[in-house]
Each structure stands twice: as structure tokens, then as C-alpha cells.
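Undergrad: Okay, handing you the structure first.
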Amino acid sequence: MERPRHPGWAVVGSVAAGGALGTLLRWLLVAPAPETGSPVAGWISLGLVNLSGSLLLGLLAGISSRRTLPRWLVAGLGVGVLGAYTSLSAVVLAASVATAFGLTGFIQTGSPGGIVLMTGLAGTLLALAAGATLGTACAAAGLRLGGWSAPVAGNSSGGHP
């Protein structure tokens, strides 16, 4: 088995720098969410960040399917900036923590309040499903805006010879 070749230091550096920038952008947009005691404001701001990132990632993929862009630029913007900006891991962590605390509270108390906690679990799962569906729709819209078209029979390069 052949060892994969190194992507090059320009690619590695652009992904690292892009990751730092994307994380900072996400933090600047999500951190100001008001602390109301309800996680709704945080979920909304994180959702908007993820949806806008999906749109931008689709746009980048659409543009790069039509134009030759430097590899370091596509990797730095896509994997680096937008990968860190969208941060699905932040959504999964928030959902995991909410679910774990909700179920733990239900198991420990055994109280009728457990119904509210189970409703919270259903809401969390519904929000994750909605986010995945809307994120996919935003990415598809970005692809179209970027000029990508459906593959032509016998050509898997996005429909462009």
C-alpha cells in the first residue's frame, strides 16, 4: 500500500490559520447571545452560523468546480475557515450535554417533571434533524449560486467538461 503524499506546507498552514479565523468568527457571532436561562437564543445563533456556513461552503465548492483555484486557498477557506466556523461538533456537544443532563435528572428524580425533560430530548432531536435538513438545503443553494450543475452522464465533475 502506497503512503499518501504530504499535502504541502502551504495547505497545512492555510487550514491551520483558517481554522483559527473560523473559530474566532463563530465565537464572535455566538457568544453575544443573551443569557436568558433558556438555551433557545444560543441554539438560534449557533443554527444561523451553521446554516450560513453551509451556504458558503456550497458556494465555495460550486465556484471551485468551475474555476481552478489554488489548492491551499480552497483548503484554507473550506476545511479551515468554514469547517471551524460551522462547527458541527459544537452542536453535537450542546445536544449531548442537554440530553445527558435531561435524562440524568429524570432517572434521579423519577418525578413528573421527567415528562418535561423527555420533551426536551425530543425537541433536541428535532432541532438536530431540522438543522441537518436545512444545512443540506443551504449547501445545495450555495452550489447552485457558485455555478455547479448536476453531473452529465459519463462525467462526474459537476457537469463541466
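The values are calculated or read from the model by the stated rules, or taken from the named source; none is laboratory data. On a predicted model such as this, the values are computed, not experimentally measured, just so you know. Cβ: placed from backbone, ideal geometry, glycine included. Neighbour counts: every protein chain shown.
Undergrad: Does SER52 count as touching a helix residue (DSSP H, G or I) at 6+ places or on another chain (Cβ under 6 Å), assigned to a helix (DSSP H, G or I) and not β-branched (Val, Ile, Thr)?
TA: When the stated conditions are applied, SER52 does not pass them.
Undergrad: Determine whether the range 18-39 contains at least one residue that is within 16 Å of LEU128 (Cα to Cα) and at pLDDT 75 or above.
TA: Keep residues of the range 18-39 that are within 16 Å of LEU128 (Cα to Cα), which gives 39.
Now narrow it down to the ones that are at pLDDT 75 or above: none.
Within the range 18-39 (the criterion being within 16 Å of LEU128 (Cα to Cα) and at pLDDT 75 or above), the answer is no, since none of the residues qualifies.
Undergrad: I've got another one for you. From the list ALA17, ALA41, pick out the single residue that is surrounded by fewer than 17 Cβ atoms within 10 Å (Cβ to Cβ) and touching a residue at least 12 places away in the same chain (Cβ under 8 Å).
TA: After applying the criteria, what remains is ALA17.
Undergrad: List the residue pairs whose Cβ atoms are under 6 Å apart, where the first residue sits in the range 131-147 and is on the phi > 0 side of the Ramachandran plot and touching a residue at least 40 places away in the same chain (Cβ under 8 Å), the second is not basic (Lys, Arg) and not in a helix (DSSP H, G or I), and the two are 6 or more positions apart or on different chains.
TA: No pair meets every condition.
Undergrad: Sticking with this structure for a sec: So, restricting to helices (runs of 4 or more DSSP H) that lie completely within the range 61-161, which ones have at least 1 residues that are small (Gly, Ala, Ser) and modelled with pLDDT of 75 or more?
TA: 71-75, 83-86, 114-145
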